[in-house]
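Written out below as structure tokens is the structure these notes cover.
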Amino acid sequence: MEPVESHIFVVEEPVVAAADPFDPEGRTADLSWRRDVPPDVPGVVDPIVAGPGFGQWARRFGRVAGRHAAHLVPVMLLTALPMHFFVGRVDDTIVAAPALAELVGGFGLLLLPAMWLAYLAVSALPLVLSLAGVVGVALPAAAEGRRPRPRRVWSLVSMRLRALWLWFAGFGLLSGGLPVLLTEEQVGSAGGLVTVVFAIGSTVALTFGGLLGCVVVVERGRGPRRATHLLAHSRPAGLLVAAAAVAVAPRLVEHALGGVAATVAGVLLVQLWAIAALVTYAQARRAVEPVTSRSMFAELDAPEE
């Protein structure tokens, strides 16, 4: 009887849990694992998390907007006041500067930076309230199957409003302030071009800000780097359109129909922008990692440390 040429090695635990099937030196392979197909549950359609492609995104966007439009009316009413009196009204601070100078002497101009800071803080409110309201209403409804009460919505997003507000106050300088200041009267014949450039800048800022806002509200301790990573894995065509509408349409409506019509258009467009941001954020997260409405709601509902 000839001796056995092969040796048998006994180990206590598996050496490889799941080998890469594309590794030429691998001795075992998990054939059920595929690199080109993201993990998914067959036959399950998530109410918010869309699959790849604009068609999937558009269906989720329409579903969220249609199901929660009535329940977002209180949020839109809250955004109407700061939208009407502050958004796009930076030039009022310049008009008020001479009056301040006459009223309190040379100290009037010293108060102008404080007026700018107050403008930036209040002008960010429509974006903050709309985005927090959409996340606080749509995510619990998708995860639990029932719409949350207003007190529940407040408890979910209240602790993260301060960080969200600080970010959007900075974006307000680009998305609201500079396009108003740099008009044709201030910059001469190049005013139209400057307005177009800043409208594009506002669109980009609102697109990135939408993803950043969802990151701040849903994921604790993460910020611009996480939003940049998600943006690189997304196709934000729908969010870009919504952001461009927010940046351009209200001022066009104001010139055509007046301030009240501009406020109504601005409130509706900002709310649609917030819905587009949430759906884009969920789709981008799905492209990066396995995620569902329930898992995102669990992150949102996690207690603050």
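The values are calculated or read from the model by the stated rules, or taken from the named source; none is laboratory data. Just so it is clear, the structure is predicted and the values come from calculations on it, not from any experiment. Note that each Cβ is placed from the backbone with ideal geometry, even for glycine, and that neighbours are counted across all protein chains shown. For accessibility, only protein heavy atoms count, side chains too; no ligands or nucleic acids. Shrake-Rupley method; radii C 1.70, N 1.55, O 1.52, S 1.80 Å.
Some values worked out for this structure:
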| read-out | value |
| --- | --- |
| Residue satisfying condition, being surrounded by 21 or more Cβ atoms within 10 Å (Cβ to Cβ), in contact with a His (Cβ under 7 Å, 6 or more places away or on another chain) and in contact (Cβ under 8 Å) with a residue 24 or more places away in the chain, within set A284, A243 | A284 |
| When residues of the range 84-111 are limited to those that are part of a helix (DSSP H, G or I), β-branched (V, I, T) and open to solvent by 30 Å² or more (accessible area, probe 1.4 Å), the one modelled with the highest pLDDT | V104 |
| Residues of the range 63-83 that turn out to be touching a residue at least 40 places away in the same chain (Cβ under 8 Å) and open to solvent by 70 Å² or more (accessible area, probe 1.4 Å), as a count | 4 |
| Among residues of the range 203-240, those that are small (G, A, S) and more than 14 Å from the chain's Cα centre (by Cα), counted | 2 |
| Filter result for L269 (free of Cβ contacts under 8 Å to residues at least 40 places away in the same chain and part of a helix (DSSP H, G or I)) | yes |
| Odd one out for V253 among (1) without any contact (Cβ under 8 Å) to a residue 40 or more places away in the chain; (2) crowded, with 23+ Cβ neighbours inside 10 Å | (2) |
